[in-house]
Each structure stands twice: as C-alpha cells, then as structure tokens.
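What follows is calculated from the coordinates using simple rules that are stated; it is not laboratory data. Keep in mind that what you see is a predicted model, and the values were worked out from it rather than measured. No Cβ is skipped: glycine too gets one built from the backbone with ideal geometry, and neighbour counts run over all protein chains shown.
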Amino acid sequence: MPNSNTQALQNWAGNLVYGTSRVFRPETLEETRELVSRLDSFRVLGSGHSFNEIANCSTNLISLEKLDQVVELDSERGTVTIEGGMRYGPLCQFLHENGYALPNLASLPHISVAGACATATHGSGNGNGNLATAVSGMEMITTDGEVVSFSRDEDPTEFSGTVVGLGALGLVSKLTLDLRPTFEVAQTVYQNLPLTQLLGNFDDITSRGYSVSLFTRWQGSNINQVWIKRKLTENDHAELDTTLHGATMATEHLRPIGDSVENNCTQQMGIPGPWHERLPHFKMEFTPSHGEELQSEYFVPRQYGLSAIEAIHSIGSMFDSQLLISEIRTIAADDLWMSPCYQQDCVAIHFTWRRNWPEVRPLLSQIERALAPFEARPHWGKSFTALPDLVKSLYPKRSSFCDLAERLDPKQKLRNEFLNTFVFD
C-alpha cells in the first residue's frame with residue numbers, strides 16, 4: 001500500500017526532499033513482484049542515508065522496511081541470507097548471539113545492508129574491502145517481476161557487475177553474506193598526530209589495527225585524532241604504547257566532532273567488546289554522527305594517498321567555517337565493477353560539513369580540483385560536483401555495467417536523473 005502520509009519525504013540529513021511522497025511498502029515477496037511488474041518507473045528506498053539524488057524518483061518509491069528478517073543462517077557454509085530491507089544493527093546483534101561476525105562495518109550501524117552494498121559503502125582497514133565484498137550471493141526481482149539469482153561461485157563475472165548495482169539493475173530481495181567467527185575488538189584513540197609523522201609513517205600507522213581512522217579539520221600541523229580498533233586474540237594482553245609517532249593516547253572518551261554533546265560513540269579506552277559494538281564509530285541506540293549535515297568523500301588509489309592528503313591540507317584553511325570533521329580511511333581492492341576500489345587499494349578522504357549547500361558546493365569544487373591529478377572517485381551516495389564525463393571515465397567496466405542494466409531493465413524503469421547523468425550514456 002502507498003504511504004498515506006502527504007508530508008514531503010526527506011532523507012536522513014534533511015538536505016534532500018524526494019520527488020514523490022508515493023511510497024509502497026510491500027510485506028511479501030509475491031506482493032513485491034506484482035508491484036515491480038506493475039509500476040512504470042520506481043526507485044528502491046533504503047535507509048535514506050544517501051546525500052545526493054541517487055535514490056530519488058518523481059513517480060514511485062519502494063521501501064523494503066517490512067521485509068527485514070534473517071532467512072537462513074548456514075553454519076556449514078558460514079553464511080547468512082537476509083531479506084532486502086534488513087539493517088546492520090539488528091543483523092549484527094543476531095549474528096553475534098549465534099557466534100558469528102561480518103568482516104567489517106561502516107561507521108553507522110543504522111544503514112540498510114542492501115543499500116550500503118549497492119553504493120560500495122565501507123569501513124576501514126588495510127586488509128578490509130568495502131561492505132559489498134562480504135556478499136557471496138543475491139536474489140533480485142527484475143523489473144518484469146521475475147526473480148533471478150547471482151552467485152560468486154557459479155558466475156563470478158556477472159556477479160561482479162551486480163553487487164554494487166547502484167539500484168540500477170533490479171530490486172534486491174535477498175542477500176547472502178560471508179561470515180567469520182565472532183571476535184572482540186578494543187578501541188584506542190590517540191591525539192595530535194603531527195602531519196609530518198603521518199606522511200612519513202602512513203603504512204605503519206594504518207597497520208596498527210584491524211580498522212584505523214584518522215580525524216582532522218585540516219587546520220594547523222596535526223591530525224586531531226587516530227582511532228585504532230584492534231582485533232583481539234584469545235590471550236591478548238599486549239601493553240599498548242602511550243604514544244604513536246608523536247601522538248599521545250587519550251585519557252578520556254572522545255568524539256570526532258568536538259561540539260557534539262551526546263556520548264554517542266562506541267566504547268574507547270582500550271576496553272574489549274564485541275566486534276559490532278566497536279567497529280562502528282556510533283552506537284545503535286543514539287542518533288549517529290552530527291545529524292543535520294552534508295557528507296562528501298573521495299577515493300584515490302593508495303599510491304597517490306599521501307600526495308592527495310598533502311593537496312587537501314594545502315587548501316584546508318578554506319574549510320574552517322563549514323567543515324565539521326574529515327576522516328581518512330584505507331580500503332582494500334575488490335573486483336566489483338562499479339566499486340571505487342575496483343582493482344585498486346584506496347585511501348578514502350571523507351568530509352562532514354555543515355548543512356549549508358551554497359557554501360559547501362564551491363568547496364567541493366576546490367577539493368575536486370586539488371584531487372584531479374590522483375584519479376579521485378566520488379562516493380556514489382554522497383555530495384559531489386564532479387562533471388559527469390569525468391565520473392564515467394573513472395570506471396573501466398562502466399560499459400559492461402550499462403549492458404547488464406539494459407538486459408535486466410530493458411524498459412528503464414529504474415533510471416533516474418542521477419543515473420542518466422553519471423552512469424548511462
């Protein structure tokens with residue numbers, strides 16, 4: 001049934017008003033198939049954590065929020081199959097209670113699994129791919145209402161084109177994710193890392209934990225905070241260094257954004273805890289991050305990472321009035337066609353801005369100009385101003401992806417202005 005609420009529908013950040021308030025929320029697979037085949041055009045709405053028009057539509061939106069259950073936990077294969085509307089928070093709790101874990105998580109546990117995978121959302125860690133790399137199988141309802149399946153084992157080539165699908169191929173009704181045994185993580189924060197030390201010891205610093213994040217406002221000569229999340233072994237009693245290349249260990253609980261008043265961040269101070277309560281930056285029970293904000297992010301090949309950091313630092317004084325915080329992370333390469341990390345390890349530079357698009361937009365243009373020599377790819381779900389031809393040129397498998405979309409959605413029901421601008425010809 002469509003949403004009876006006539007109020008304008010907004011994304012989580014409040015910077016986007018969707019082009020329609022007509023939202024369908026099917027409760028069964030059959031109802032979803034009938035709906036998909038009947039509608040002339042639609043987009044699938046996840047948790048609304050995208051900051052651009054990628055999920056927008058002027059006709060119909062389909063939300064899978066009522067299809068959010070675990071379908072099967074396969075202990076023999078070490079996988080879990082979930083419905084397309086499930087979010088990471090409840091999934092992680094279920095997996096941990098049953099002795100399992102996902103390889104990695106994003107900074108927020110509030111986001112939908114299917115939406116995160118479709119846009120190549122990621123966490124951090126030299127050896128960790130983005131969240132979509134955990135997908136080993138998927139079930140999709142194509143726009144004629146048919147159910148098709150894709151498997152990494154059975155057809156790895158086509159599978160590589162479907163996982164980061166940008167919502168352009170079909171409605172993802174089920175996902176199968178690879179698991180590992182549950183594990184504990186301890187999170188320690190260091191303050192005031194000299195930028196010169198980061199540039200001289202980048203590989204060592206980013207290898208100090210299973211997941212490492214660096215927070216900075218690009219002002220002065222220091223990186224504000226280094227968050228190191230260590231995966232603990234059964235008998236891990238290692239004493240941590242109180243300094244890290246000139247940075248000092250924090251002695252109190254810190255937040256990335258200094259003006260935040262809520263203690264909404266996951267436990268620090270080296271106190272061990274379950275993976276799903278340490279790998280995200282923000283707790284499930286609190287409003288994540290800052291709230292009213294804009295976000296942008298750019299991926300550069302790892303070999304250009306230090307040069308890109310220096311380039312951004314050189315223009316950092318421009319950001320002072322609008323930037324809340326910036327985060328630097330590393331992500332391992334993958335083989336997913338439309339992933340920013342396709343066949344290249346990446347350094348991702350993320351920006352959280354005040355929700356002030358007229359002031360932020362020209363800053364993004366300056367950032368993109370500074371990163372232009374480094375083949376920077378913007379995050380599919382965040383704000384950017386890059387020209388369409390440039391974005392298209394950065395994905396060597398884009399043409400193959402377009403062919404796949406043409407086959408699965410021949411009537412172009414899933415196309416919208418964003419996809420037609422930045423993906424399709």
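Some points to look at:
- Exposure proxy ranking, count of Cβ atoms within 10 Å, fewest first, for VAL163, VAL185: VAL185, VAL163
- Look at the alpha carbon pairs under 8 Å that are at least 6 residues apart: their mean separation over the length of the chain gives a relative contact order of 17 percent.
- 222 nm mean residue ellipticity, helices alone, for the chain (DSSP H n ≥ 4; -39,500 (n - 2.57); rounded to 500): -6000 deg cm²/dmol
- Global form of the range 79-125, assessed from the alpha-carbon gyration tensor, a/c cut-off 1.5: oblate
- Annotation for THR59 and SER221: the two label points, set 7 Å from Cα along the Cα-Cβ direction, are 6.0 nm apart.
- For a paramagnetic label modelled on LEU199 (point 7 Å from Cα along Cα→Cβ), amide N atoms under 11 Å away belong, within the range 300-339, to 306-314.
- Alpha carbon Rg of the range 186-384, scaled by the compact-globule rule 2.2 N^0.38 Å: 1.01
- Sites matching chymotrypsin sites (Phe, Trp or Tyr not before Pro) across the range 1-88 that sit in DSSP coil, with at most 13 neighbouring C-beta atoms within 10 Å: none
- Selected from GLU76, GLU184, GLU97 as most flexible by GNM, with the chain as the system and alpha-carbon contacts under 10 Å: GLU76
- For the chain, built as a Gaussian network whose Cα springs stay under 10 Å, the top-fluctuating residue of ASN15, ASN128, ASN56: ASN15
- Between VAL226, VAL80, VAL71, the residue with the greatest mean-square fluctuation in the GNM of the chain (Cα pairs under 10 Å linked by springs) is VAL71.
- Stretchable slack from LEU387 to THR233, in nm (0.36 nm times residue separation minus alpha-carbon distance): 50.8 nm
- Legend: ranking of residues TRP275, TRP218 from fewest to most surrounding C-beta atoms inside 10 Å; resulting order TRP218, TRP275.
- Residues whose amide H falls under 5 Å from that of HIS122, counting only those 5 or more places apart or on a different chain, are LEU131, with hydrogens built in the peptide plane.
- Think of the chain as having a plus end and a minus end, set by charges on the Cβ of Lys, Arg, Asp and Glu; of PHE374, THR385, LEU29, THR385 sits farthest toward the positive end of this dipole.
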